[in-house]
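Here's the structure, in structure tokens; my notes come after.
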Amino acid sequence: MVVRRWVAAALCLPLLALSACSDDEPNAKDEPSPSVTMPSSSTSPSESTTPVPITAPTMPAAAEGSGDKAAQAFARYWVAMVNYAQETGDTEPLKALHSEKCTPCSSGVEAVDEGYANGKSMVGGQYKITSLKAVDTDQPSVRMIGLVVHATRQKKLDRQGRVLSSTPPGYRGFRLYLRKYSGEWAVGWLEVNGG
């Protein structure tokens with residue numbers, strides 16, 4: 001019954017309205033820690049560069065509450081974790097952010113797992129949030145976050161580095177239905193529009 005209400009509420013809210021709205025500029029404390037790969041500097045042209053290991057983003061302190069601002073901080077963290085999973089193939093931290101009943105969440109994780117199966121890899125597909133807004137629901141324990149991201153081009157490669165498929169860059173809309181489970185935020189349901 002709760003899922004039906006979530007879906008009904010989501011169908012009433014056009015994502016186009018969200019693309020024009022955003023919350024205030026995020027504070028540094030609202031942002032998850034970055035996960036980037038930087039080549040080490042080389043003193044000689046013949047030396048190869050060694051990538052610095054990528055670490056999973058950490059939950060920002062701003063996500064520890066239970067209100068809209070905390071839910072928005074968690075949504076930013078979730079996007080950072082999606083980027084981390086797509087860049088590394090490590091989906092375990094992302095899975096930990098999803099309710100077991102969130103089948104769209106599982107489908108997204110499975111797509112990343114498939115992209116890295118049998119020596120394959122993925123390049124690109126990183127999300128940058130362009131709009132993020134908390135949306136009222138009739139469920140006090142549920143926070144709905146509407147967000148729009150711009151995704152970079154993503155290529156799926158075979159083990160030899162040949163391109164198997166390519167997804168063009170573009171905007172994608174998400175509705176995250178967040179709920180606290182045992183005191184921790186989790187994505188209880190997810191809707192995707194575009195891409």
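A short reminder: the numbers here are calculations on the coordinates, not readings from a lab. Just so you know, these numbers come straight off a predicted model, no measurement behind them. Note that we place each Cβ from the backbone using ideal geometry, even for glycine, and neighbour counts take in every protein chain shown.
Below are the figures for this structure:
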| item | result |
| --- | --- |
| Helices (runs of 4 or more DSSP H) wholly inside region 47-120 containing at least 3 residues that are within 12 Å of the chain's Cα centre (by Cα) and closer than 24 Å to Ala134 by Cβ | 68-88 |
| Among residues of region 146-190, those that are of a type outside the set (Gly, Ala, Ser), closer than 18 Å to Ala73 by Cα and touching a residue at least 24 places away in the same chain (Cβ under 8 Å), counted | 15 |
| Tally, over region 146-195, of residues that are over 25 Å from Gly119 (Cβ atoms), of a type outside the set (Ser, Thr, Tyr), within 16 Å of the chain's Cα centre (by Cα) and surrounded by fewer than 17 Cβ atoms within 10 Å (Cβ to Cβ) | 8 |
| Filtered residue count, region 77-120, keeping only those that are closer than 15 Å to Gly188 by Cβ and either touching a residue at least 40 places away in the same chain (Cβ under 8 Å) or in contact with a Cys (Cβ under 6 Å, 6 or more places away or on another chain) (or both) | 9 |
